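Read through the structure below, which is laid out as structure tokens, and then see the notes.
The values are calculated or read from the model by the stated rules, or taken from the named source; none is laboratory data. Since the model is a prediction, treat every value here as computed from it, not as a measurement. Cβ: placed from backbone, ideal geometry, glycine included. Neighbour counts: every protein chain shown.
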Amino acid sequence: MTTPAEAFIAMLLDKVARNDIGDPREWVAPGAKLYTPRHHKPVTDPMQIAIILRSIPQLLENFRYDRSWAAGDEAIMEFKGSIASSAGTVEVHGLDIFTIGADGKVTELTVFIRPTKAHAALAESEDALVIETMEKLQRGEAVFG
């Protein structure tokens with residue numbers, strides 16, 4: 001029998017392989033919390049979470065999950081990729097720890113990123129993409145799908 005965490009890993013790996021994670025609001029539960037190194041408090045706004053989750057694979061060249069583990073209600077996934085920065089290309093290595101509810105949706109996500117210069121490069125690029133996405137939403141343009 002497949003656990004919700006195992007099913008989630010399979011679903012996300014498939015989406016990443018197709019280079020289309022779709023609308024994360026379909027697989028993130030209402031009231032979910034996102035903990036990232038960028039924010040001192042958890043992100044709880046569903047639209048902000050969706051935009052952040054959608055932006056990372058767009059920002060990291062060769063974004064991929066190399067390893068994953070299901071442990072109880074947690075899906076633990078190691079990711080890698082690279083990002084251009086003012087200092088050149090920076091290799092990014094990180095870990096996503098998803099807590100999965102019985103319905104298969106994410107209730108909590110904690111993200112770890114290394115090295116520090118990768119975190120800084122990602123922050124700069126993510127801010128620009130989030131602003132661009134918010135502007136599109138304000139104009140009524142579709143941003144998911």
statement: Looking across the range 90-104 at residues that are over 14 Å from the mean Cα position of the chain (by Cα) and surrounded by 11 or more Cβ atoms within 10 Å (Cβ to Cβ), the single one that is nearest to Phe63 (Cα to Cα) is Glu91
task: Take the range 34-67 and flag every residue that is more than 17 Å from Val92 (Cα to Cα) and polar (S, T, N, Q).
output: Thr44, Gln48
message: Regarding the range 112-129, can at least one residue be identified that is at pLDDT 95 or above and over 12 Å from the mean Cα position of the chain (by Cα)?
response: no
- prompt: When the range 16-37 is examined, which residues are found to be of a type in the set (Lys, Arg) and surrounded by 15 or more Cβ atoms within 10 Å (Cβ to Cβ)?
  reply: Arg25, Lys33
field: Residues located in the range 66-103, provided they are out of contact with any strand residue (DSSP E or B) (no Cβ under 9 Å at 6 or more places or on another chain) and closer than 14 Å to Ala29 by Cα
entry: Ala102
- prompt: Condition test on Ile21, is it touching a helix residue (DSSP H, G or I) at 6+ places or on another chain (Cβ under 6 Å), under 27 Å from Glu132 (Cβ atoms) and part of a strand (DSSP E or B)?
  reply: no
- prompt: If Met1 satisfies every condition in (1) of a type in the set (A, V, I, L, M); (2) loosely packed, with under 14 Cβ neighbours inside 10 Å; (3) within 23 Å of Gly81 (Cα to Cα) but one, which is the exception?
  reply: (3)
message: Exactly one of these conditions fails for Lys80: (1) under 24 Å from Glu135 (Cβ atoms); (2) at pLDDT 95 or above. Give me its number.
response: (1)
message: I'd like to check something: does the range 78-89 contain any residue that is of a type in the set (D, E, K, R) and within 15 Å of Pro37 (Cβ to Cβ)?
response: no
